[in-house]
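The values are calculated or read from the model by the stated rules, or taken from the named source; none is laboratory data. If you're wondering where the values come from, they're calculated on a predicted model, not measured in any experiment. Positions of Cβ are generated from backbone atoms using ideal geometry, with glycine treated the same way; all protein chains shown enter the neighbour counts.
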Amino acid sequence: QVQLVESGGGLVQPGGSMTLSCKASGTLFSIYVLGWYRQAPGKQRELVATINSSKSVNYAASVKGRFIVSRDNTLNSVYLQMDNLKPDASAVYYCNAARPGLTSWGQGTQVPVSS
């Protein structure tokens, strides 16, 4: 199993940019499908983006063209670059790592988007 730790959250103004990082400990990192999810107050957790072991990516329609997910297997890390942030992006962002039979979550990092 992997343990995940997110970093990089904090207050950002509308239209601003932010990059989240997630570092994993554990083995076989390169085979995991990695993902970013978010949960706003009073709402369900939702998918933001995923990247698989071949670095194929998938995005929620609401972030496509503004967010970029990437991974560096040499650093056991996954990143989420967020541009042109909107107030409705305010949420706790969670890192996820999954492989058959196993899913791990980070503790989350808060990203408020507000002026």
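Computed values, structure above
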item: Selection count where residues are assigned to a helix (DSSP H, G or I) and without any contact (Cβ under 8 Å) to a residue 60 or more places away in the chain, scope the stretch 81-104; result: 2
item: Residues of the stretch 17-39 satisfying the condition of being surrounded by 14 or more Cβ atoms within 10 Å (Cβ to Cβ) and either closer than 13 Å to Ser90 by Cα or among the aromatic types (Phe, Trp, Tyr) (or both); result: Met18, Phe29, Tyr32, Trp36, Tyr37, Arg38, Gln39
item: Meets criteria (without any contact (Cβ under 8 Å) to a residue 12 or more places away in the chain and of a type outside the set (Val, Ile, Thr)) for Tyr59; result: yes
item: Those residues of the stretch 96-114 which are under 14 Å from the mean Cα position of the chain (by Cα) and either of a type in the set (D, E, K, R) or farther than 20 Å from Gly65 by Cα (or both), in sequence order; result: Asn96, Ala97, Ala98, Ser104, Trp105, Gly106, Gln107, Gly108, Thr109, Gln110
item: Any pair with Cβ under 7 angstrom, 6 or more apart, that starts in the stretch 64-80 at a residue that is within 13 Å of Ser53 (Cβ to Cβ) and ends at one that is surrounded by 21 or more Cβ atoms within 10 Å (Cβ to Cβ) and not hydrophobic (A, V, I, L, M, F, W, C); result: Val78/Arg71
item: Pick from the stretch 63-95, criterion among the charged types (D, E, K, R) and within 14 Å of the chain's Cα centre (by Cα), ranking: farthest from Gln13 (Cα to Cα); result: Asp72
item: Matching residues, the stretch 17-45, being of a type outside the set (A, V, I, L, M, F, W, C) and closer than 13 Å to Phe67 by Cβ; result: Ser17, Thr19, Gly35, Tyr37, Arg38
item: Residue match in the stretch 80-94 (condition: aliphatic (A, V, I, L, M), under 14 Å from Leu4 (Cβ atoms) and at pLDDT below 95); result: no
item: Residue tally, condition surrounded by 14 or more Cβ atoms within 10 Å (Cβ to Cβ) and outside any loop (DSSP other than H, G, I, E, B), over the stretch 58-80; result: 11
item: Matching strands (runs of 3 or more DSSP E) fully within the stretch 1-46 where at least 2 residues are without any contact (Cβ under 8 Å) to a residue 40 or more places away in the chain and of a type in the set (Ser, Thr, Tyr); result: none
